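Reviewing the structure listed below.
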Amino acid sequence: MRAVGVGARSGVYRQPAVPDPEELAVMRWIDQQYLATPFYGSRRMTAALRHAGHRINRKRVQRLMRIMGLEALGPRPKTSRPAAQHRIYPYLLRGLAIGLRVPVERDHGFRRKMIIQSSGT
């Protein structure tokens, strides 16, 4: 039988942790800094906090920013969109059969050379 208003058992035995006042102060500082510089990620935010005199590491800043829902604004990769002015180069080896390496003698030593033959297509 289930008690009314009680969800999972894990919520019955443990109360949510009360935030530490120091952590709330750091979160308030991060929020103010984010409003001034929304392009700061966790690395630059950590550097700014350390410059302000806080002893804090980047993982803690990452966790607090994630809790607060903050994410740095900045350019995202656009790897699948080619530039309009970029030239498309032809594939020069299409239709060629690339064979084994064979030794080629030269006057200054022994080298290897790739044999490239046309496949006729």
Counted residues, the range 36-49 - those being outside any loop (DSSP other than H, G, I, E, B) and under 23 Å from the mean Cα position of the chain (by Cα): 8
Which numbered condition Pro19 misses (of (1) part of a loop (DSSP other than H, G, I, E, B); (2) surrounded by 10 or more Cβ atoms within 10 Å (Cβ to Cβ); (3) at pLDDT 90 or above): (3)
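Return the residue satisfying two criteria in turn: it lies in the range 57-99 and is among the polar types (S, T, N, Q) and under 30 Å from Leu35 (Cβ atoms), and of such residues it is nearest to the chain's Cα centre (by Cα). Full working, then the answer.
Going residue by residue through the range 57-99, those that are among the polar types (S, T, N, Q) are 57, 62, 79-80, 85.
Still in the list and also under 30 Å from Leu35 (Cβ atoms): 57, 62.
Values: Asn57: 19, Gln62: 13 Å.
Across the range 57-99, the extreme among qualifying residues is Gln62.
Is one or more of the residues making up the range 54-68 of a type outside the set (Lys, Arg), exposed (fewer than 10 other Cβ atoms within 10 Å of the Cβ) and either modelled with pLDDT of 95 or more or not in a helix (DSSP H, G or I) (or both)? Break it down stepwise before answering.
Taking the range 54-68 as the starting set, the residues that turn out to be of a type outside the set (Lys, Arg) are 54, 56-57, 61-62, 64-65, 67-68.
Narrowing further to those that are exposed (fewer than 10 other Cβ atoms within 10 Å of the Cβ): none.
No - not one qualifying residue is present in the range 54-68.
The values are calculated or read from the model by the stated rules, or taken from the named source; none is laboratory data. Because the structure is a prediction, the values reported are computed rather than measured. We place every Cβ from the backbone using ideal geometry, glycine too, and count neighbours over all the protein chains shown.
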